[in-house]
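The values are calculated or read from the model by the stated rules, or taken from the named source; none is laboratory data. No experiment lies behind these values; they were computed from the predicted model shown. Cβ placement follows ideal geometry from the backbone for every residue including glycine, while neighbour counts extend to all protein chains displayed. The area values use the complete protein model at the heavy-atom level, side chains included, leaving out ligands, DNA and RNA. Shrake-Rupley method; radii C 1.70, N 1.55, O 1.52, S 1.80 Å.
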Amino acid sequence: MKIEIWSDYACPFCYIGKKRLERVLAKYADKKISVEFKSFELDPNASTEVISSTPARFAKKYGLSLEQAEERIEQISRMGRNEGIDFRYATTRYTNTFDALRLTKFAQEKGHDEIVQKLFEAYFTENLELSDFEVLREIALDCGLDEDEVDEVLESDRYAEDVRADERQAAWLEIHAVPYFVIGGKYSLFGAQPKEILEEAINDALTEEKFNGMACGVNGCHFDS
């Protein structure tokens, strides 16, 4: 079974949702469940440079006072800390994430899914700028990716179309906010859901798979296993 997650590295609830899903999936170690992270830019027009603090940006975006924004950010940070994350949302350095998403596509193609966790950590714990090629390069090399290939990806537009394809699919599915989970190709969940809800959806998807027997269609035959 496959779980697809549309997310962005600048999204705090995406990181929280990822951690909750990991805890749930630990209960299904004996099941064949794959996870694919898909791209969704919260702000495709975001600058590649830091132009304001997170509280100031938050206050402007949601029409809050600076004090209210800081309180709201701290509430979200507590949620992250409750999931075991060293969450430092208030001091994040917000920039464009498109190149980080491109790099993720490259890493996943090479079997290095751990880059997703490392990029979230870089943003929310280390407060690094994910538009900085040196930051991205160091993370990629830390994952064991080839240095020359990493440089080639970063200095080109490779995997840009893969990111855009994810975003077109999100538009087709009418996904307007993230995280967004599609479980087993049929069950959709929006937001950083409680672990109980995630587990229920996974159980339902696995049960449905269990009762899908051998059958043939226009595209071939399915053999139950």
Give me the tail of P(r) for the range 55-169 as a percent: Cα-Cα pairs with distance above 24 Å. 35 percent
With a 1.4 Å probe and every protein chain kept in, tell me what percent of the accessible surface of the chain is carbon plus sulfur. 48 percent
Name the trypsin sites (Lys or Arg not before Pro) in the range 115-212 that are in a loop by DSSP and that have at most 12 other C-beta atoms within 10 Å, would you? K186
Area of T91 that stays accessible when all protein chains are in place (1.4 Å probe, Å², to 10): 80 Å²
In order through the range 146-157: 3J(HN,Hα) via Karplus (6.51 cos²θ - 1.76 cosθ + 1.60), integer Hz, x for Gly, Pro: 5, 4, 5, 5, 4, 4, 5, 5, 5, 8, 10, 10
Quantify how much of the Cα-Cα distance distribution of the range 1-103 extends past 24 Å, in percent. 33 percent
Ranking K60, K31 from most to least accessible area with a 1.4 Å probe gives K60, K31
What number comes out for the charge environment of D146, summing +1 per Lys or Arg and -1 per Asp or Glu over other residues with Cβ under 10 Å away? -4
In Å, descending, principal axis extents of the Cα set of the chain: 58, 42, 31
With the 1.4 Å probe rolled over protein heavy atoms, the chain has an accessible area per residue in Å² of 54 Å²
In debye to the nearest 20, the charge dipole size for the chain, taken about the Cα centre with +1 at each Lys and Arg Cβ and -1 at each Asp and Glu Cβ, equals 1020 debye
Checked against a 28 Å limit on the C-alpha separation, the offending pairs among K2/K195; K60/K195; K18/K186 are K60/K195
What relative contact order, as a whole-number percentage, does the range 26-98 give when Cα pairs under 8 Å and 6 or more residues apart are counted? 42 percent
Taking the chain and dividing mean pair separation by its residue count, relative contact order in percent (alpha carbons under 8 Å, at least six apart): 27 percent
Based only on Cα atoms, what mean projected area does the convex hull of the range 105-152 have, in nm²? 3.0 nm²
222 nm mean residue ellipticity, helices alone, for the chain (DSSP H n ≥ 4; -39,500 (n - 2.57); rounded to 500): -15000 deg cm²/dmol
Amide H to amide H under 5 Å from S188: which residues, 5+ apart in sequence or cross-chain, H placed 1.01 Å off N in plane? I183
For T48, what accessible area in Å² do you get when you roll a 1.4 Å probe over the heavy atoms of the protein chains, rounding to the nearest 10? 90 Å²
